[in-house]
Amino acid sequence: MRKPIIAGNWKMNKTAAEAEKLINELKPLVAKSKPEVVICVPYTDLWIAKNAIAGSKIKLGAENVAWADSGAFTGEISAAMLKEIGVEYVIIGHSERRQYFGETDKTVNMRLVQALKNDLKPIVCVGETLEEREKNKTKKVLKKQILEGFDGITDFTNIVIAYEPVWAIGTGKTATAEDANKTIGYIRSLIKKTFGAEVAKNLRIQYGGSMKPGNAKELMAMRNIDGGLIGGAALKAEDFAGIVNYKG
């Protein structure tokens, strides 16, 4: 049985003081949560978030990780730096990294390899744009992202995939629960064909397209959906807790 995982992606939001306040509001609201709860916060919030979540069920994640151990990579943060703080999860290949900062399937693979080498648990994002969806290229795009992004990977034990239809991020648009389940089902079938039935059976795949308290129950009831990668709703304690505590 795959354990559901709800992860908040704060993106470029919340100062350290604001982060501490939000976490303190969130902790009692998710104290009895059934899903695994993760918050992925900006680098400058990691230390204070680590201290703020102490003693709670919340786990700590970062929003990216460098593909190198160290060196002349201005602005990047290494896996060792994240591990020292106490980071457990790391988002890799988010659509905004692909859109604005030149992330490719190759660099996703490089970051993934580095994360696994350092015992970080990657949340690897895949998904199609509105243009790709309208041209019926969803499967083609996902296949390329998965085959290239996971090239050479043999151990999926600590990997989570987040299917995030780019057209549904921050737009208020949401794929129907059936559509999301169908697409995630395709991802699972592709994983099965490429990496084996056991991997596909145990791999947790989240939905990352505008999941909210109002639609979380319906989405989470779908057979192939194992959680959510939450953007805007993760910035308000009650909203995020409403998703975490969906009535399954």
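The values are calculated or read from the model by the stated rules, or taken from the named source; none is laboratory data. All figures in this text were calculated on a predicted structure; none of them were measured in a lab. Because the Cβ atoms are built from the backbone with ideal geometry, glycine has one as well, and the counts that use them run over all protein chains shown.
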Query raised in the report: Among Gly214, Gly149, which is out of contact with any His (no Cβ under 8 Å at 6 or more places or on another chain), among the small types (Gly, Ala, Ser), surrounded by fewer than 15 Cβ atoms within 10 Å (Cβ to Cβ) and more than 17 Å from Val37 (Cβ to Cβ)?
Result: Gly214
Report summary line: By residue number, the members of segment 77-87 that are surrounded by fewer than 18 Cβ atoms within 10 Å (Cβ to Cβ) and in contact (Cβ under 8 Å) with a residue 12 or more places away in the chain are Ala80, Lys83, Ile85, Gly86
Query raised in the report: Mind checking which residues of segment 105-139 are of a type outside the set (A, V, I, L, M) and out of contact with any helix residue (DSSP H, G or I) (no Cβ under 8 Å at 6 or more places or on another chain)?
Result: Thr107, Arg111, Glu131, Glu134, Lys135, Asn136, Lys137
Requested in this report: Being surrounded by fewer than 21 Cβ atoms within 10 Å (Cβ to Cβ), closer than 17 Å to Glu238 by Cα and touching a helix residue (DSSP H, G or I) at 6+ places or on another chain (Cβ under 9 Å) is the filter here, so list the residues in segment 31-47 that pass it.
Outcome: Ser33, Lys34
Query raised in the report: Taking the stated definitions as given, is Asn13 in contact with a helix residue (DSSP H, G or I) (Cβ under 8 Å, 6 or more places away or on another chain), crowded, with 23+ Cβ neighbours inside 10 Å and closer than 28 Å to Gly209 by Cβ?
Result: no
Report summary line: Checked against (1) at pLDDT below 95; (2) part of a helix (DSSP H, G or I); (3) surrounded by fewer than 14 Cβ atoms within 10 Å (Cβ to Cβ); (4) not aromatic (Phe, Trp, Tyr), Asn136 satisfies every condition except (2)
Query - Conditions (1) surrounded by fewer than 23 Cβ atoms within 10 Å (Cβ to Cβ); (2) modelled with pLDDT of 95 or more; number of the one not met by Gln206 - result: (1)
Query raised in the report: Of everything in segment 45-66 that's of a type in the set (A, V, I, L, M) and out of contact with any strand residue (DSSP E or B) (no Cβ under 7 Å at 6 or more places or on another chain), which residue is farthest from Ala241 (Cα to Cα)?
Result: Ala66
Query - Number of the exception - Gln99 against (1) buried (at least 17 other Cβ atoms within 10 Å of the Cβ); (2) touching a residue at least 60 places away in the same chain (Cβ under 8 Å); (3) not hydroxyl-bearing (Ser, Thr, Tyr) - result: (1)
Query raised in the report: What residue, among those in segment 85-130 that are β-branched (Val, Ile, Thr) and within 23 Å of Gly185 (Cα to Cα), is modelled with the lowest pLDDT?
Result: Thr129
Requested in this report: Looking only at segment 48-65, decide whether some residue is buried (at least 19 other Cβ atoms within 10 Å of the Cβ), more than 26 Å from Lys3 (Cβ to Cβ), out of contact with any Gly (no Cβ under 7 Å at 6 or more places or on another chain) and modelled with pLDDT of 95 or more.
Outcome: no
